[in-house]
Amino acid sequence: MNMLQACLLLSSALFCIGLVTALSRSNTILVLLGIEIMLNAANLNFIAFWRFSPAGSAPATGVIFVLFSIAVAAAEAAVWLALVIALYRHQQNIRLQEATRLKG
Amino acid sequence: MIATLPPAESWLERFPLLVRDWITGHLPESLGWLAVSLLAIVVILAAFGLLFAYLTLAERKILGRIQNRPGPNRTGWFGLLQPFADGIKAVTKEDVVPREADAVLHFLAPVLLVAMSLLGLAVIPFGRHLLAANLEAGVLYFFAAGAATELAVFMAGWASHNKYSLLAAMRALAQLISYELPLLLSVVPVVMLAGSLSTTHIVDAQGGWTFGWIPHWHVLTPWGFAGFVMFMIAALAESNRSPFDLPEAESELIAGHLTEYSGFKYALFFMAEYFGMCGLSAMAVTLFLGGWQAPCAFLEFIPSYVWFTAKLLTLLLGFIWIRATLPRLRMDQLTRLAWKFLVPLTLLNLANAAFWSLSAGWSGPMHWVRWAIALTVVVGPFLLLGRALTAGVAPRTYRYA
Amino acid sequence: MNLTFALIAFLILASAVLAATRRDLIHSALLLVGNWLGVAFFYLWAGAEFVAFAQALVYVGAISMVVLFAVLLTRRMRTELPLLVATRDRVVSAVLGGAAVFGVLAVAVLRTPLDTNPAKPAGSVSMLSLGQQLMGPQAAAVLIVGVLLTVSLLGAVVLASSDADGKEGAP
Amino acid sequence: MNLSASSLWLIPALPLLAAAIGALTPRGGRSLASGAAIIAMVGALGLSVAALGTALAHPAAHLTDNFTWFSIGTDAVRLGWLLDPLTAFMAVMVSFVGLLIFIFSLGYMKEDANFTRFFCFLSLFAAAMLGVLVANSLLLVFVCWELVGLASYLLIGFWFHKPSAAAAAKKAFITTRIGDLGLLLGMLWLYHVRGTLLFYDGGNGVLEPSSLALLSHGKIAGGIALSTAIGLLIFCGAIGKSGQFPLHVWLPDAMEGPTPVSALIHAATMVAAGVFLIARVYPLMLADQHLANVSVHALTVVAGIGAITALLGAAIAVGQNDIKRVLAFSTVSQLGYMMLALGVGSWVAAIFHLLTHAFFKALLFLGAGSVIHAAHHEQDMRRLGGLGRRMKITFATFAVGMMALAGVPFLFSGFWSKEGILHAAHAWPVSQLPLIAGLIAVVLTAFYMTRLVAEVFLGSPRSDAASHAHENSPVMTVPLVILAIGAVLLGLIGTPAWPWLQSNLGGVVVPAESIFEGPGLMVLSIVLVCLGLGVGWALYGWRKRRDAFAPDPLAVAMPGVFAALAAKLGFDEFYALTFGRLNQLLAVVADGLDRWVWGGIISGVAWMGEALGTFDREMDESGLNGGFDAASEKLRGVGNAYSRAQTGEAHGYLRTLAVAFVVLALLLLLGGVL
């Protein structure tokens, strides 16, 4: 097992923790936090691959990708704050399993 | 002898390095880097700890003078031992933790706050050779470290389990977030013009003089001056100093997030406030006032760290002076100032700096045109926005009974 | 290097596990901040200085604030704080699902022969080249991200502002 | 101090910047808008003087700085800046007179609520006019020319809440547009022939010898040289802009704008633009002169139009009662003089008269503005009177302007410039008719100006407003005094004794000798001026008008003639009856076409469509629907089955995703792909 695989395992573990959080908790905020964890795990992969990439590959693509990812995460956070507040206003709590009004 | 050496090599300038090398010279080679880092940390802690102690004293004495009273003058000669007396008192006092409080966070908040406000000092070049960590993204590091202080304030407010503390923490958060934007935006022009996020590069970019006595400091350009003023306003708010000291508004929120703190933790909050103030001032000196550069060519023989200290102390004196002069803002005025005045102005200033950089090649009469345009972009929106901000607000009149 | 990595990995995983299992939302959120800081340390360890500071600035400085605001704005007073107990079978199925995903990923990672180059010095991307990459070939993407940020900000304001007809009233 | 051609764009850019500032300033920012405008004009004046210095250092050269604006295929549209004595003299004149008018406006518009808007428009106007002057491309000239038109529209209609002002603005805009159409056509034609619109381009410009030779050799139908046709089309634009017969009708109506606007339009900028344009393209107009076998020379037409306009304007001015309208028709007449001078070949005399006229006409208009401001916007000279005693500075300066315009000998600039024109007309080999028209106009000019001064300033006040008038503040009188000094002194630089202007203006464009062939003609014109003054004094000065309703002495003497003149010889009515009617007729025809012919075709098509639609629907409802209904029933059943899976619970979806991922990954792993 080399260093890159260790990094990838770390990110896989982090991803799964995020997944379990998102699946098991009923609080919308925690579900969204779980999704943030998964996003971070994905970013870890980018940096790991960039760090251990063979010489001569594209210089800073991984870094730039993570930068954009962080920027998008910021945008996403603003939107989900608004969503949580709107949800709270509609049903007076933020339990995700009760937010089923769009059911077909 | 002094005249023949370049200023960077004079022994006064190298004095701190010589001391460091003398100390690390006694240690084995392999531990050298550790010793150097530790030495830097110790020196920063000691210097700023002492600065903190005497800054409180200076503040109290200056405030006293401005308010026509002597200030502390009993402990020691001219009250010079007062800070130490205060320190001993704070350490020996009982540390009260409310029963309902979240004990871990209650303890963690002041520690985190002090730690975070100290972290930023690592990238400040205090002198030509005095820099703890020469990071390529030093400016970004400084603000990333500063961002964590908001978290600490929130932790303090929440962990106290007290209405006033929580309210104050929310208010403090709103204020810190609002002013972080203009703070960062007023720095961006400097980064753009210097072409680097490294603090050493930014200071180097301000080196040199026109005619030997006009330094190339950023504050002496239209965008730099506007950026400096807005940076200092935002820095006042970021370090919770008057007139933006709403988070700890004693009269409304009974000291806000500090209500449930006592003893040494309380002292730590104050220490953090002063460290934050020092850090932001040092950053302002680095970004706008030329860092350790001397103002005139013939004054270069004075070592660079002396210049840096002089500039830093001047700004700190300004902080104290403002505290003695200006009344506190209301919450709505505070947010309005940030969003309707500072943010648009900083954005315009960004465009102004871009223009300045693009017009760098203009010469002859166009040079004056360049100055005129840049000044217009600074002054015009300032007047218009200022007018809009105070529209419909009559000056308050007092009627004495 | 391995020790540093192990410490960072431990910080990341431990804070994430604790955050996922705590009952108190605020504690979860603060632990997650620790997790994000750990990720920033990982970036620093990997030599991506700029990304590390950006991660700290954005996640620790901004997103954490958003989370805390969300928690506080949607929280009843402590007396009627709803205990959000997850049902047992959902927790079990979640853990099983997570374990399955991790198993699959781990097998995939370990079975793949990865061509690595660990000799590469850390911090090999300079700030200057990064800036030139961003402002040169990636300029369009930077612009699009800027537009995205603006639009999401406006969208968030629209979503969160109370309805115009006042039907909902104060919570 | 010198200014190169490449920095020339700064001259119009400064007022343009001031206009932008004025546009962005809220209503309250009066000092900001006006301050920016005036500082910009001071800057433009300084730069113009610097440009003049450069131009005088190279009197025979056309300094240019050309650049590519954009390119289409292999063709590039190029623009540029041009610096020669003509540009420089005009720029100095425009910015100087403009500056004084700006300062005057500070006082005149003080009470107006839209003060900032006014200065914004003024700056835009000045910027556009300066742009016309410095442009080295007919295209750029045209752009600025249209901007001048736009700004004049905005300024004439500045008080747009007055219906008459709005109508006057529209009239000015549309009438000049008719002329501009000709200019545009001429420009397109020129571009078609030459492939460039630059005036001077190191031998390739349209005004340079190779191009002129090419243009004058081409012939079109009717034995007209190509250059003649293009020149006449360009002249159309000048006719519109400079208020020449038959498009002069907009100019008097334009008096509806604020008086500083009138001064700006009629003295320094807009009307001068037409004369300037012809002066600029003079080599082109001149190109057909040496050809013997052409049916018409461009300059002959110019001379004829100029002579008619000079005579007509002077005559109509005699019959007007509104103080500003008298001055407006006098402008029409003076512009006629300038065109006449251009037509008979004396380029310098035209420019000289343009410069002196700018000063004394600006003086007269601002003096009239001063009177109007003092008399609470009373403009009817029958209701004024006796203002000379109350407004001494205005009276003195106005009198200077009046004598300059009338051509009182020796001391005043108008005399010298007008003499130049008359002598040139005398020396014109083609015909003496322009000279005769000019001489008659001399008498009339002296006559109506005497009438104006006598009615307004002498006698006794004939209304409340006039009797309560008093002198205005220095911000208004100081520009008057400066202009009056200029109106006297400017004559000195062009006298036969010291023809400094003529020698500097000449350059390579045209032979520039000033034509003075002895005192005979001068004596004649002096006699004629005295005649005009004397008759005017006899009719209006000797016995003063007693009240506002007394009939005009001239109307008593010659009722028919006076009525015709007062009605402006019926041009407006004539246009309304001919072109207006024609337009209406065309509108009726177009309306009929729309309503019956095209409308009929369209309703036919529509009817067919409707019939087809009905048929189609019948087919659908009876035939196709059955099958589709059955199919949709089935689809609905399937959808119902699927919708049971849609719990709306996000967890469920996420779990499904996770399971699906695991299954897919396992498939891949087992399949050996990974």
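The values are calculated or read from the model by the stated rules, or taken from the named source; none is laboratory data. Predicted model, so just to flag it, every value in this text is computed and none were measured. Glycine gets a Cβ as well: all are built from the backbone with ideal geometry, and neighbour counts include every protein chain shown. These accessible areas exclude ligands, DNA and RNA; they are computed on the full protein's heavy atoms, side chains included. Shrake-Rupley method; radii C 1.70, N 1.55, O 1.52, S 1.80 Å.
Observations
- Residues in segment B:115-141 that, when all protein chains are in place, have 50 Å² or more less accessible area than the chain alone would give (probe 1.4 Å): B:E136, B:L140
- The residues B:W371, B:W339, B:W217, sorted by heavy-atom accessible surface at 1.4 Å with ligands and nucleic acids left out, run B:W339, B:W371, B:W217 from largest to smallest.
- Per residue Cα convex hull volume in Å³ - calculated over chain B: 194
- Where segment A:3-102 is the region considered: accessible area per residue in Å², 1.4 Å probe: 31
- With K and R counted +1 and D and E -1, the other residues having a Cβ less than 9 Å from that of D:T116 yield a net charge of +3.
- The H on the amide N of D:R78, modeled in the peptide plane, is under 5 Å from the matching H of D:W69, D:L197, each at least 5 residues off or on a different chain.
- Surface burial for C against B, with a 1.4 Å probe and both sides summed, reaches about 2200 Å² of accessible area.
- Accessible area that becomes buried as D packs against C, both chains, 1.4 Å probe, Å², nearest 100: 800
- Fraction in percent of alpha-carbon pairs per bin - 10 Å, segment C:1-75: 21, 45, 27, 6, 0
- For the residues of B:142-150, the average number of beta carbons from a partner chain within 10 Å of their own beta carbon is 5.
- Interface between chains C and A: roughly 6900 Å² of accessible area buried, both sides summed (probe 1.4 Å, protein heavy atoms only).
- Unit charges at the beta carbon, dipole of segment B:90-384: most positive-side option, B:G207, B:T314, B:G361: B:G361
- Here the dipole of segment B:90-384 is about 580 debye; that uses its Cα centre as origin and unit charges on the Cβ of Lys and Arg (positive) and Asp and Glu (negative).
- Taking amide H as placed 1.01 Å from N in the peptide plane, B:T221 has no amide H partner under 5 Å among residues 5 or more places away or on another chain.
- Helical contribution to [θ] at 222 nm, DSSP H n ≥ 4, -39,500 (n - 2.57), averaged over the protein assembly as shown, rounded to 500: -22000 deg cm²/dmol
- Per residue accessible area of chain D, 1.4 Å probe, in Å²: 41
- Cβ-placed point charges (K, R +1; D, E -1), dipole of the protein assembly as shown about Cα centre in debye, nearest 20: 2560
- Each other residue within a Cβ distance under 15 Å of D:A5 adds +1 if Lys or Arg and -1 if Asp or Glu, for a net charge of -2.
- Net charge in the neighbourhood of B:R69 (other residues with Cβ under 15 Å of its Cβ; Lys, Arg +1, Asp, Glu -1) is +3.
- Segment B:1-120: Cα Rg divided by the 2.2 N^0.38 Å rule of thumb: 1.56
- Phi to ³J(HN,Hα) by Karplus 6.51 cos²θ - 1.76 cosθ + 1.60 over segment B:274-287, Hz, x for Gly, Pro: 6, 5, x, 4, 4, x, 5, 4, 4, 5, 4, 4, 5, 7
- Taking the longest Cα principal axis of chain A as reference, the axis of helix A:28-51 is set at about 10 degrees.
- Overall shape of the protein assembly as shown was characterised from the C-alpha gyration tensor. The equivalent ellipsoid obtained from it has semi-axes of 78, 42, 33 Å, in decreasing order.
- Computed 3J(HN,Hα) for segment B:202-214, one whole-Hz value per residue from the Karplus formula 6.51 cos²θ - 1.76 cosθ + 1.60 where θ = phi - 60°, is 5, 5, 4, 5, 9, x, x, 9, 8, 6, x, 9, 9, glycine and proline marked x.
- Comparing the full protein assembly with the isolated chain (1.4 Å probe, heavy atoms, ligands and nucleic acids excluded), the residues of segment A:31-47 losing at least 20 square angstrom of accessible area are A:L33, A:E36, A:I37, A:N40, A:L44, A:I47.
- Number of partner chain Cβ atoms within 10 Å, mean per residue of B:364-372: 2
- Equivalent ellipsoid dimensions for segment D:16-171 as semi-axes, Å, which come from the Cα gyration tensor, largest first: 30, 20, 14
- Comparing A:I35, A:I85, A:I17 in a Gaussian network model of chain A, where Cα atoms under 10 Å apart are tied by springs, the biggest mean-square fluctuation is seen for A:I85.
- Segment D:47-123 and segment B:87-125: distance between their alpha carbon centers, rounded to Å: 68
- Measuring nothing but alpha carbons in chain D and taking Rh as the Kirkwood radius, the Rg to Rh ratio lands at 1.18.
- Most mobile listed residue (B:P303, B:P125, B:P189) in chain B, GNM with C-alpha springs under 10 Å: B:P303
- Per residue, the accessible area of segment B:90-384 comes to 39 Å² when a 1.4 Å probe rolls over the protein heavy atoms.
- The protein assembly as shown - percent of accessible surface contributed by carbon and sulfur, probe 1.4 Å: 71
- In a simple Cβ point-charge model (Lys, Arg +1; Asp, Glu -1; nothing else charged), segment A:3-102 has a dipole of about 160 debye relative to its Cα centre.
- Most mobile of A:A75, A:A22, A:A42 in a GNM of chain A (Cα contacts under 10 Å): A:A75
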